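Colleague: Sharing a structure below in structure tokens format, with a few things to ask.
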Amino acid sequence: MTFLEQQRPTWDEYFIMIAKLAATRSTCLAFPVGAVIVKDRQVLATGYNGSPSGSAHCTAQGFCYPGLSSCDASSSLPSRAVHAEANAIAQAAKHGISTHGASIYVTLEPCISCLKLIISAGIQEVFYETGFNKGEKGLVRDAFLKDGLVNLTQIHLSSETAKRASIFLLNPTSVAREIS
Ligand SMILES: [Zn+2]
Ligand SMILES: [Zn+2]
């Protein structure tokens with residue numbers, strides 16, 4: 001493999017980087033999450049967590065609910081945010097794109113609600129960066145896995161790839177390569 005080939009991100013790294021970029025658009029104060037739905041190595045849809053289309057952004061209000069710093073800060077009020085995975089699936093639905101047999105890359109392990117949605121949308125493979133479900137939620141997730149409804153794989157972006165990508169972001173991208 002040539003040096004320049006070695007420097008190319010893997011497909012997993014490529015798609016998780018797109019999910020990370022999508023997360024930069026998140027509008028909920030809880031934490032940023034980005035997702036990208038992929039089939040046959042092509043992007044079908046992207047999403048990030050934020051309030052429903054047309055509703056005030058948590059970031060614009062400065063709070064999720066009055067007096068609540070984060071959508072996660074209340075045990076009774078539901079999150080205002082449509083989660084990134086749900087938004088990506090909704091985007092596909094809105095534009096009539098089939099998600100059957102697709103994969104999803106997401107910066108956070110899907111919550112149980114999103115995992116159910118992913119399964120029902122026919123998405124078979126989930127690649128995520130950071131773990132989320134613990135305790136009883138983890139047991140529900142594990143039951144879905146045991147039934148073979150979906151596969152979950154934790155992946156990491158190598159720091160070498162991330163550094164190279166940051167150079168692309170920090171500088172004009174399409175200039176002659178410096179091969180060192
Ligand atoms: Zn919020
Ligand atoms: Zn979710």
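Taken together, the values in this text are just the output of simple stated rules run on the coordinates, not laboratory data. Predicted model only: the values in this text are computed from it and were never measured. Every residue, glycine among them, receives a Cβ derived from its backbone with ideal geometry; neighbour counts consider all protein chains shown.
Colleague: For a quick check: sort 83, 57 by the number of other beta carbons within 10 angstrom, fewest at the front.
Modeller: On the way: 83 24, 57 16.
Final ranking by Cβ density, sparse to dense: 57, 83.
Colleague: Using a Cα distance threshold of under 17 Å, what count of lysine pairs results for the chain when pairs must be 8 or more residues apart or interchain?
Modeller: Lysine pairs, 8 or more places apart or on different chains, close enough: 6.
Colleague: What translational diffusion coefficient, to the nearest whole µm²/s, does region 1-154 have by Stokes-Einstein, given a Kirkwood radius computed over alpha-carbon pairs, a temperature of 10 °C and 1.306 mPa s viscosity?
Modeller: Rounded to a whole number, D works out at 98 µm²/s.
Colleague: Using only DSSP helix segments of four residues or longer, with each worth -39500 (n - 2.57), what per-residue ellipticity at 222 nm results for the chain after dividing by its residue count and rounding to 500? Walk me through the intermediate numbers first.
Modeller: Numbers: 7 runs with 66 residues, N = 180.
Mean residue ellipticity, 222 nm, calculated: -10500 deg cm²/dmol.
Colleague: Evaluate the relative contact order of the chain (contact order divided by residue number), counting alpha-carbon pairs under 8 angstrom at least 6 apart; express in whole percent.
Modeller: On the way: 309 pairs, mean separation 34.7, N = 180.
Relative contact order, the chain: 19 percent.
Colleague: Follow-up. Which log10 I(q)/I(0) values, to two decimals, does region 116-180 give at q = 0.18, 0.25, 0.27, 0.28 Å⁻¹ under the Debye formula with one point per Cα?
Modeller: -0.75, -1.12, -1.23, -1.27
Colleague: Can I ask one more? Counting other beta carbons within 10 Å of each Cβ, put 153, 2 in order, fewest first.
Modeller: Fewest to most other Cβ atoms nearby, the residues stand as 2, 153.
Colleague: Using alpha-carbon pairs under 8 Å, 6+ residues apart, how would you state the relative contact order of region 15-117 in percent?
Modeller: 33 percent
Colleague: Can you give the FRET efficiency for residue 41 and residue 77, using 1/(1 + (r/R0)^6), R0 = 45 Å, r = Cβ-Cβ distance, to the nearest 0.05?
Modeller: 0.70
Colleague: Please give the length that would be gained between residue 3 and residue 174 if that part of the chain were fully extended, namely 0.36 nm times their separation in residues minus their C-alpha to C-alpha distance (nm, one decimal).
Modeller: 59.7 nm
Colleague: First measure r as the distance between the Cβ atoms of residue 134 and residue 25, then evaluate 1/(1 + (r/R0)^6) with R0 = 35 Å and state the FRET efficiency to the nearest 0.05.
Modeller: Once the sixth-power term is evaluated, E becomes 0.80.
Colleague: Under a 10 Å cutoff between Cα atoms, tell me which one of 80, 141, 164 has the largest fluctuation in the Gaussian network model of the chain.
Modeller: Per the Cα network of the chain with a 10 Å cutoff, 164 tops the list.
Colleague: Based on the alpha-carbon gyration tensor of region 14-79 and its eigenvalue square roots a ≥ b ≥ c, which shape applies: rounded if a/c is under 1.5, prolate if not and a/b is larger than b/c, or oblate? Present the calculation step by step, with values, prior to reporting the outcome.
Modeller: Numbers: a/c = 2.68, a/b = 2.53, b/c = 1.06.
Prolate, since a/c reaches 1.5 and a/b exceeds b/c.
Colleague: With the contact rule set at Cα under 8 Å and sequence spacing of 6 or more, what percent relative contact order holds for region 117-180?
Modeller: Relative contact order here is 36 percent.
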